[in-house]
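Undergrad: Just dropping this structure here.
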Amino acid sequence: MAGVNITLLAGGVGGAKAAEGLAFGHYAQGVKVIGNVADDDEFHGLWVSPDIDTLIYSLGDQIDRQQGWGRKGESHQTLKELAALGQDTWMTLGDLDLATHIYRTQQRKQGVSMSDITQGLATRHGVNLPILLPTDDMVQTRVKTPTGWLSFQEFFVREHCQPDVIEVAYQGADQATPNAAALAQLSTSDLIVIAPSNPVVSIGAILAIPDIRQAVIDSAAYVVAVSPLIGGKTVKGPADKMLASEGKSVDSKGIYDSYQGFIDGMVIDPQDAQEADWLLAQGVDVLVTPTLMKERDDKVSLLDQVVAFALDKQAMRAA
Ligand code: GDP
Ligand code: CA
């Protein structure tokens, strides 16, 4: 069915997999993505927006499929030269990727909004669905560890997620002006799909902007989340220790708790099927289906199932 108005809330790798599943699936026509800008940071004077670029490169089929991030066919000459100049090069930025960051930084200097810059990059890469930003303002995730506060990239890339996580904060979120396009999209959605992204730093950072969270809560849309956990473990990344830092369990309950107050349905893997009864008892609809996405077919198949499930449950609730 075409024309279902769907919003996908998405982080980086898990978010981009879901975005591809929707973009190339049965319901592609009505889909818009709201991405995460809170992993953004400055390197070598350039503004880097990792999650947004992962979305753009994935949807434009320019992503390094092995890594799940960065450009395919990438080289690292510039970074080697920067290292030779004594610069910190723990943030891997390839030569092709650097062009994106140069463009973004240059446009920002000229006063172009982050939303319009994203649009420019999406157009260049042939992305076939709109990528909206929750805000054009700066929001930055900070991670408190036993040795102090780190920027998100310091924690994630430089420290390889090794330090214990005491607390996660979203600097600037409270003051950020939400984008009207994102608010309008949320309020007119039939369906809000939460990608199997990190609920704390990817989805949590989007929802840390008060009016964005409120728009999700107020929306008449059916809200369905795909769990980023399979067999009680993350496929990749620090979602487990971040959930624990918030006192949440590393299972479907912890994901539910992250989205409590607006979640209508959850999609969990057969490896977590024993958690379905607990979710059902909370009044949440549950779809149990394999959620590991490797190839594009897996992504399309899963997201088509997720949307069909949500529309079905929404219709049953309305009846
Ligand atoms: P990041 O911004 O690149 O860290 O990516 P996201 O926040 O969008 O997604 C990270 C989460 O995606 C991790 O918690 C993973 O467990 C989850 N994830 C990655 N691939 C898959 C997948 O194929 N299936 C499911 N269910 N989760 C996945
Ligand atoms: Ca991210």
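Undergrad: Within the range 76-91, can one find any residue that is within 19 Å of the chain's Cα centre (by Cα) and without any contact (Cβ under 8 Å) to a residue 60 or more places away in the chain?
TA: Residues of the range 76-91 that are within 19 Å of the chain's Cα centre (by Cα), as a first pass: none.
Checked the range 76-91: no residue is within 19 Å of the chain's Cα centre (by Cα) and without any contact (Cβ under 8 Å) to a residue 60 or more places away in the chain.
Undergrad: Could you list, in sequence order, the residues of the range 273-300 that are open to solvent by 60 Å² or more (accessible area, probe 1.4 Å) and within 14 Å of ligand 1 (Cβ to nearest atom)? Spell out how you get there, then give the answer.
TA: Here is the first cut: in the range 273-300, the ones open to solvent by 60 Å² or more (accessible area, probe 1.4 Å) are 274, 277-278, 280-282, 288, 290, 292, 294-297.
The answer is VAL288, PRO290, LEU292, LYS294, GLU295, ARG296, ASP297.
Undergrad: With surrounded by fewer than 16 Cβ atoms within 10 Å (Cβ to Cβ) and at pLDDT below 95 as the only criterion, which of GLN77, GLN110, GLN67 stands out? Break it down into steps so the answer makes sense when it comes.
TA: Details: GLN77 fails: at pLDDT below 95; GLN110 fails: at pLDDT below 95.
Just one listed residue meets the conditions, GLN67.
Undergrad: Follow-up. Within the range 53-62, track down each residue that is touching a His at 6+ places or on another chain (Cβ under 9 Å) and within 11 Å of ligand 1 (Cβ to nearest atom).
TA: Taking the range 53-62 first, the residues touching a His at 6+ places or on another chain (Cβ under 9 Å) are 53, 56-57, 59-62.
Hit for the range 53-62 is ASP53, nothing else.
Undergrad: Which residue out of ARG108, ARG104, ARG65 is of a type in the set (Lys, Arg), within 15 Å of ligand 1 (Cβ to nearest atom) and either closer than 30 Å to GLN185 by Cβ or under 19 Å from the mean Cα position of the chain (by Cα) (or both)? Steps first, answer last, please.
TA: On the way: ARG108 fails: within 15 Å of ligand 1 (Cβ to nearest atom); ARG104 fails: within 15 Å of ligand 1 (Cβ to nearest atom).
On inspection, the qualifying residue turns out to be ARG65.
Undergrad: Within the range 113-129, restricting attention to residues that are open to solvent by 50 Å² or more (accessible area, probe 1.4 Å) and under 18 Å from the mean Cα position of the chain (by Cα), which residue is modelled with the lowest pLDDT?
TA: In this case the residue turns out to be ASN128.
Undergrad: Hey, another quick one. State all residues of the range 80-95 that are open to solvent by less than 60 Å² (accessible area, probe 1.4 Å) and over 17 Å from GLN153 (Cα atoms); if no residue qualifies, say none.
TA: Within the range 80-95, LEU82, ALA83, ASP95 qualify.
Undergrad: For GLN66, indicate whether it is over 22 Å from PHE155 (Cβ atoms) and in a helix (DSSP H, G or I). Lay out the reasoning, then the answer.
TA: Details: over 22 Å from PHE155 (Cβ atoms): yes; in a helix (DSSP H, G or I): no.
For GLN66, the condition - over 22 Å from PHE155 (Cβ atoms) and in a helix (DSSP H, G or I) - is not met.
Undergrad: For the range 226-247, state whether one or more residues are within 18 Å of the chain's Cα centre (by Cα) and more than 26 Å from TRP69 (Cβ to Cβ).
TA: No, the range 226-247 contains no residue that is within 18 Å of the chain's Cα centre (by Cα) and more than 26 Å from TRP69 (Cβ to Cβ).
Undergrad: Inside the range 152-266, counting only helices (runs of 4 or more DSSP H) that do not spill past its ends, which hold 2 or more residues that are at pLDDT 95 or above and open to solvent by 20 Å² or more (accessible area, probe 1.4 Å)? Give the steps one after another, and end with the answer.
TA: Numbers: elements: 180-188, 203-207, 210-218, 239-245, 252-258.
By residue number, 180-188, 210-218, 252-258.
Undergrad: Quick one: in the range 41-51, which of the residues that are touching an Asp or Glu at 6+ places or on another chain (Cβ under 8 Å) and either on the phi > 0 side of the Ramachandran plot or not hydroxyl-bearing (Ser, Thr, Tyr) (or both) is farthest from ligand 2 (Cβ to nearest atom)? Spell out how you get there, then give the answer.
TA: If we filter the range 41-51 for residues that are touching an Asp or Glu at 6+ places or on another chain (Cβ under 8 Å), which is where we start, we get 47-51.
From the residues that got through so far, the ones that are either on the phi > 0 side of the Ramachandran plot or not hydroxyl-bearing (Ser, Thr, Tyr) (or both) too are 47-48, 50-51.
On the way: TRP47: 15, VAL48: 11, PRO50: 6, ASP51: 4 Å.
Among those residues, the one meeting the criterion is TRP47.
Undergrad: Next question. Within the range 12-37, track down each residue that is open to solvent by 10 Å² or more (accessible area, probe 1.4 Å), among the hydrophobic types (A, V, I, L, M, F, W, C) and more than 16 Å from ligand 2 (Cβ to nearest atom).
TA: Selection gives PHE24, ALA28.
Undergrad: Scan the range 301-310 for residues that are surrounded by 22 or more Cβ atoms within 10 Å (Cβ to Cβ) and within 13 Å of ligand 1 (Cβ to nearest atom) and report the count.
TA: First pass over the range 301-310, keeping only residues surrounded by 22 or more Cβ atoms within 10 Å (Cβ to Cβ): 302-303, 306-307, 310.
Now narrow it down to the ones that are within 13 Å of ligand 1 (Cβ to nearest atom): 302-303, 306.
Looking only at that region, the number is 3.
Undergrad: Keeping to the range 21-52, report how many residues are of a type outside the set (Ser, Thr, Tyr) and in a loop (DSSP other than H, G, I, E, B).
TA: Start the filter on the range 21-52 by keeping residues that are of a type outside the set (Ser, Thr, Tyr), which leaves 21-26, 28-48, 50-52.
Then drop every residue that is not in a loop (DSSP other than H, G, I, E, B), which leaves 24-26, 35-40, 44-45.
So the answer is 11.
Undergrad: Hey, does the range 277-291 have a residue that's β-branched (Val, Ile, Thr), touching a residue at least 12 places away in the same chain (Cβ under 8 Å) and assigned to a helix (DSSP H, G or I)?
TA: In the first step, residues of the range 277-291 are kept if they are β-branched (Val, Ile, Thr); the result is 284, 286, 288-289, 291.
Filter once more, so that each one left must be touching a residue at least 12 places away in the same chain (Cβ under 8 Å): 284, 286, 288-289, 291.
Still in the list and also assigned to a helix (DSSP H, G or I): none.
Scanning the range 277-291, I find no residue that is β-branched (Val, Ile, Thr), touching a residue at least 12 places away in the same chain (Cβ under 8 Å) and assigned to a helix (DSSP H, G or I), so the answer is no.
Undergrad: Pick from LEU93, LEU82, LEU55: which is modelled with pLDDT of 95 or more, assigned to a helix (DSSP H, G or I) and touching a Ser or Thr at 6+ places or on another chain (Cβ under 8 Å)?
TA: Working: LEU93 fails: assigned to a helix (DSSP H, G or I); LEU55 fails: touching a Ser or Thr at 6+ places or on another chain (Cβ under 8 Å).
The match here is LEU82.
The values are calculated or read from the model by the stated rules, or taken from the named source; none is laboratory data. Owing to the predicted nature of the structure, the values given are computational and were not obtained by experimental measurement. Cβ atoms come from the backbone with ideal geometry, glycine included; neighbour counts cover every protein chain shown. Keep in mind that these areas ignore ligands, DNA and RNA; they rest on the heavy atoms of the full protein, side chains included. Shrake-Rupley method; radii C 1.70, N 1.55, O 1.52, S 1.80 Å.
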